[in-house]
Amino acid sequence: MEREIAMMTGNIANMAAIIIGTAVGMLFKKLIKPSYSETIMAGMGIVALVMGIMNVMETQNLLVSVVSIVFGSFVGEVAQIDKKIESFGSYIGSKFQSEGENSFAKGFVSASLIYCIGAMAILGSIESGLKGTHSILYTKSVMDGVTAIVFTSTLGIGVGFSAISVFVYQGAIILLAGQLGSFFTEPLIAELTAVGGIMIVAIGLNILELKKIKVANMLPALLGPVIYFMVK
C-alpha cells in the first residue's frame with residue numbers, strides 16, 4: 001500500500017494544482033474582462049493545436065493512429081461517451097445554479113479532456129508507475145494550475161471538478177504501469193502520444209470554435225496502440 005501511495009504523489013500534486021488554480025480563477029474572475037478571456041482562450045486554442053501536431057509527429061507508424069482514431073471514434077459514438085460525460089457534468093452543475101448547467105458541463109468536459117489527453121499525462125503517469133519519480137507530473141502540475149486560472153475565468157467552477165477526472169485517469173495508468181512494467185515500451189508510448197495528439201488538435205479546434213468535435217467519443221482510440229502491440 002505504501003508503494004502505491006508513493007506512486008500517486010505526482011498525481012495528487014496535479015489534482016491539487018488544478019483545484020488551487022480554479023480557486024484563484026474564481027477569486028479574480030470579475031477582474032478579467034470578457035475581451036481578455038476571449039483573447040486568452042484563442043491563444044490556448046492555438047497552443048493546443050501546436051501541441052497536438054507536435055505529439056502526432058512522435059508516431060513511427062501513422063497507420064496505427066489513423067486506424068485507432070477511426071475505430072475508437074466508432075466505438076465512442078456507439079457508447080455515446082461524450083453525451084454521458086456531458087450529462088454527468090450537467091448533473092453536477094445543477095448543484096451550482098449560479099454557474100448554469102451548460103457552463104459547468106462545458107468547463108468540466110473541456111478541462112478534463114485537455115488535462116487528461118496528452119503526452120505529459122501519459123508519460124508522466126508511466127514514469128510515476130515504473131520509476132516512482134514524478135518530475136513530468138510535477139511540471140504538468142504547474143502548467144495545469146496556471147491554465148486552470150485562465151479556464152476558470154471563462155468556463156467557471158466546472159474546471160475544478162476536472163481534477164477528479166485527472167486523478168482517476170492518471171491514477172489508472174500509474175497503477176497499470178506499475179503492474180505491467182516492461183510492456184510500456186518506447187514505440188508504444190510514441191503511438192499513444194500520437195493518438196492523443198490528434199485528439200488535442202480536435203480540442204484546439206473546439207476551443208477556437210472552428211468545429212464542434214465530440215472529442216470524448218474518441219477516447220477509446222487510446223486502446224488502439226495497446227491492442228496493436230499486444231497482437232503484433
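A few points about this structure:
- Each of Ile32 and Tyr138 was given a label point 7 Å from its Cα along the Cα-to-Cβ line. The distance between the two points is 2.7 nm.
- Annotation for Ala42 and Glu77: the two label points, set 7 Å from Cα along the Cα-Cβ direction, are 3.2 nm apart.
- For the chain, the solvent-accessible area of protein heavy atoms averages 51 Å² per residue (probe radius 1.4 Å; ligands and nucleic acids excluded).
- Separation between Cα centres of the range 4-63 and the range 118-162, rounded to whole Å: 7 Å
- Listed values for the range 39-56 are Karplus-derived 3J(HN,Hα) couplings in whole Hz (6.51 cos²θ - 1.76 cosθ + 1.60, θ = phi - 60°), namely 5, 5, 5, 4, x, 5, x, 5, 4, 4, 4, 5, 4, x, 4, 4, 5, 4, and x replaces Gly and Pro.
- Per-pair calculated FRET efficiency, R0 = 22 Å: Phe88 and Val146 via Cβ, rounded to 0.05: 0.25
- For the range 189-201, the Karplus equation 6.51 cos²θ - 1.76 cosθ + 1.60, evaluated at θ = phi - 60°, returns couplings of 4, 4, 6, 4, 5, 5, 4, x, x, 4, 5, 5, 4 Hz by residue, with Gly and Pro reported as x.
- Rounded percent of accessible protein surface that carbon and sulfur make up, the chain, 1.4 Å probe: 72 percent
- Three-way shape call for the range 28-72 based on the alpha-carbon gyration tensor, with the a/c threshold at 1.5: prolate
- Count Lys and Arg as plus one, Asp and Glu as minus one, and take only other residues whose Cβ is under 15 Å from that of Leu188; the net charge is then -3.
- The Cα atoms of the range 154-232 give a gyration tensor whose axes a ≥ b ≥ c have a/c of 1.5 or more with a/b no greater than b/c, which makes the shape oblate.
- Counting only Cβ charges, +1 for Lys and Arg and -1 for Asp and Glu, the dipole size of the range 1-60 around its Cα centre is about 360 debye.
- Three-way shape call for the range 1-83 based on the alpha-carbon gyration tensor, with the a/c threshold at 1.5: oblate
- Summed side-chain charge close to Ala177 - residues other than Ala177 whose Cβ falls under 15 Å, Lys, Arg +1, Asp, Glu -1: -1
- Sum of side-chain charges, Pro225 neighbourhood, beta-carbon under 15 Å (Lys, Arg +1; Asp, Glu -1): -2
- Per-residue packing, averaged as other Cβ atoms within 10 Å, sorts the ranges 213-220, 181-188 into the order 213-220, 181-188, beginning with the highest.
- Charge dipole (debye, nearest 20) of the chain; +1 at Cβ of Lys and Arg, -1 at Cβ of Asp and Glu: 360 debye
- Taking the charge dipole of the chain about its Cα centre, with +1 at Lys and Arg Cβ atoms and -1 at Asp and Glu Cβ atoms, the residue from Leu49, Phe161, Gly178 reaching farthest to the positive side is Phe161.
- Here the calculated FRET efficiency for Phe183 and Val66, from their Cβ-Cβ distance with R0 = 25 Å, stands at 0.60, rounded to the nearest 0.05.
- Rounded to the nearest whole Hz, the Karplus-based 3J(HN,Hα) values (6.51 cos²θ - 1.76 cosθ + 1.60, θ = phi - 60°) of the range 164-179 follow the sequence 5, 4, 4, 5, 5, 5, 5, x, 5, 5, 4, 5, 5, 5, x, 8, with x at glycine and proline.
The values are calculated or read from the model by the stated rules, or taken from the named source; none is laboratory data. A quick note: this is a predicted structure, and the numbers were derived from the prediction, not measured. Because the Cβ atoms are built from the backbone with ideal geometry, glycine has one as well, and the counts that use them run over all protein chains shown. Protein only, heavy atoms only, side chains kept; ligands, DNA and RNA dropped before computing areas. Shrake-Rupley method; radii C 1.70, N 1.55, O 1.52, S 1.80 Å.
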